[in-house]
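Each remark here refers to the structure printed beneath this line.
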Amino acid sequence: MSLSVQFLSLLAMIGTGIVAGAFMDMIGTSTAHAGKKSIIRKRAVWLEVIGWVLVGCWTFYILYLVRDGAWRIYDPVAQISGMLLYVTIFYKPFRFFGRILLVLLIRPLLFLVRLIVSIISLVIRFIVKVFAVLFTPFVKIFRIISGKLFKRRVK
């Protein structure tokens with residue numbers, strides 16, 4: 001294996017460490033900002049375990065692409081150094097871009113989804129009330145007639 005391939009794989013492992021740090025930070029931040037009674041908070045441990053498994057699978061996929069799956073002893077050290085690099089250098093820019101993404105993309109989409117759901121529920125409630133008003137005379141007539149036809153006999 002040439003020196004350039006080793007250097008490329010080292011950079012790839014440092015990059016996977018940076019992305020893994022960002023991904024795990026995203027999971028931790030999401031569970032921390034969830035409501036105290038939400039299902040996300042209750043299943044936080046499982047979400048973190050699933051996150052670590054996904055990070056591991058993705059790391060080995062990158063390792064497979066770069067080096068045909070050959071694992072070297074310096075790969076965990078490179079990945080841990082990538083995570084430490086995320087914590088020291090890339091933490092604030094990633095968080096900044098995350099806030100921008102949240103404000104510009106996620107919150108407007110959630111607003112649109114909630115608006116559409118509330119409009120649909122409002123229309124359904126209106127239709128149900130219209131039918132209730134239209135069928136009220138028939139229901140009253142049915143109750144009067146059924147009350148006279150099907151009386152119980154007291155013994």
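The values are calculated or read from the model by the stated rules, or taken from the named source; none is laboratory data. Computed from a predicted model, the values in this text were never measured in an experiment. What goes into the accessible areas is simple: the full protein's heavy atoms, side chains included, and nothing from ligands, DNA or RNA. Shrake-Rupley method; radii C 1.70, N 1.55, O 1.52, S 1.80 Å.
Below, the figures for the structure above:
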read-out	value
Where the Cα pairs of the chain fall when distances are cut into 5 Å bins, in %	2, 7, 10, 11, 11, 10, 8, 6, 5, 4, 4, 4, 4, 4, 3, 3, 2, 2, 1, 0, 0
Share of carbon and sulfur in the accessible heavy-atom surface of the chain [1.4 Å probe, %]	76
Normalised convex hull volume, segment 65-155, alpha-carbon set, Å³ per residue	345
Whole-Hz couplings from phi, Karplus 6.51/-1.76/1.60, listed for segment 25-37; x for Gly and Pro	5, 5, 5, x, 5, 5, 6, 5, 8, 6, x, 5, 9
With DNA, RNA and ligands ignored, accessible area of K140 (1.4 Å probe; Å², nearest 10)	120
Dimensions (Å) - segment 94-139, Cα atoms, principal axes, largest first	64, 10, 6
Accessible surface, segment 1-133, averaged per residue in Å² (probe 1.4 Å)	75
Rounded to whole Hz, the Karplus (6.51, -1.76, 1.60) HN-Hα couplings of segment 48-64, x for glycine and proline	5, 5, 4, x, 5, 5, 4, 4, x, 5, 5, 4, 5, 5, 4, 4, 5
